[in-house]
Amino acid sequence: DSGVTQTPKHLITATGQRVTLRCSPRSGDLSVYWYQQSLDQGLQFLIQYYNGEERAKGNILERFSAQQFPDLHSELNLSSLELGDSALYFCASSRDSRYWDTQYFGPGTRLTVL
Amino acid sequence: AQSVTQLGSHVSVSEGALVLLRCNYSSSVPPYLFWYVQYPNQGLQLLLKYTSAATLVKGINGFEAEFKKSETSFHLTKPSAHMSDAAEYFCAKWGGGNKLTFGTGTQLKVEL
């Protein structure tokens, strides 16, 4: 158990819909990262927040957005969903935002878009 | 251009045999490299990381990796495979844009 929790574990929805994925980092960690893992694209970095502010951006679509709240939990919002958005979405957290900080991954949310 | 390349999407070894998972990187500056493991239906777990200290890095579960600048490689090894090592392994590089870039992964199968 990494200490990072993600809800829900599974999500099934239809094209065009909007969903919200939630992540609670390990106690004391200030950074939260979001990743997408799919068969087509592999494991890709989406976005990072550090202490409530956006720190780095990866291959995140404009239809996707994220935020980190004062209690440091984070949410990833996916809208206008397409079939290709079906994937496993991971959240990770680290103590700080430096490259050597170990990132601890949550168990993931499996999104299926029908 | 792919900045992290893992050779072999599937590797099969016998229990007790040497495990060798290959990773090559491209980088114009000294890289920071990582190996992660993903067990079925779980998130990723850090095995080890290279941050420009010792070139031979020891990780958890008996794994180690050697950074070879001349070969731009960071291969993962374990002297003796165990059934519990069966998983998917990802090499990653910390690079531009303050982010981790992952390789495509290598599925390790351990046979009796």
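The values are calculated or read from the model by the stated rules, or taken from the named source; none is laboratory data. Everything numeric here is computed off the predicted structure, so don't read it as measured data. With ideal geometry, Cβ positions are generated from the backbone for all residues, glycine too; neighbour counts draw on all protein chains shown. Side chains are part of the model used for accessible areas, which takes the heavy atoms of the whole protein and leaves out ligands, DNA and RNA. Shrake-Rupley method; radii C 1.70, N 1.55, O 1.52, S 1.80 Å.
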> Over the protein assembly as shown, what number does the Rg to Rh ratio reach, with both radii from the alpha-carbon atoms and Rh per Kirkwood?
Replying inline: 0.97
>> Just to verify a number: FRET efficiency for B:Thr77 and A:Ser27, C-beta to C-beta distance, R0 = 35 Å, to 0.05?
In response: 0.55
> With a 1.4 Å probe, how much accessible area is buried between chains A and B, both sides summed, in Å² to the nearest hundred?
Replying inline: 1500 Å²
> Semi-axes, largest first, in whole Å: what does sqrt of 5 times each Cα gyration tensor eigenvalue give for chain B?
Replying inline: 23, 15, 12
> Do any GluC sites (Glu not before Pro) in segment B:1-84 lie in a DSSP loop with no more than 11 other beta carbon atoms within 10 Å, and if so, which?
Replying inline: B:Glu71
> Cα to Cα, under 17 Å, and not fewer than 8 places away if on the same chain: which aspartates and glutamates meet these conditions relative to B:Lys78?
Replying inline: B:Glu15, B:Glu64, B:Glu66, B:Glu88, B:Glu111
> Taking segment A:30-112, which chymotrypsin sites (Phe, Trp or Tyr not before Pro) meet the DSSP loop condition and have no more than 14 other C-beta atoms within 10 Å?
Replying inline: A:Trp100
>> If you take every residue apart from B:Ser12 with its C-beta less than 15 Å away from the C-beta of B:Ser12, what net charge results, scoring Lys and Arg +1 and Asp and Glu -1?
In response: -1
> Can you give the convex hull volume of the alpha carbon atoms of chain A per residue, in Å³?
Replying inline: 92 Å³
>> Over 27 Å between Cα atoms: which of B:Lys68/B:Lys99; A:Lys9/B:Lys49; A:Lys57/B:Lys49; A:Lys57/B:Lys93; B:Lys49/B:Lys109; B:Lys69/B:Lys99 fall into that group?
In response: A:Lys9/B:Lys49
> Averaged per residue, what accessible area in Å² does the protein assembly as shown show with a 1.4 Å probe, protein chains only?
Replying inline: 48 Å²
> At a Förster distance of 35 Å, what's the computed FRET efficiency of B:Ser14 paired with A:Trp100, Cβ-Cβ distance as r, to 0.05?
Replying inline: 0.50
> Which sequence of B:His75, B:His10 reflects their accessible areas, 1.4 Å probe, from the largest down?
Replying inline: B:His10, B:His75
>> Please check: in the Gaussian network model of chain B (C-alpha springs, under 10 Å), which one of B:Lys99, B:Lys58, B:Lys68 has the largest mean-square fluctuation.
In response: B:Lys99
> How large, in percent, is the carbon and sulfur part of the accessible surface of the protein assembly as shown at a probe radius of 1.4 Å?
Replying inline: 50 percent
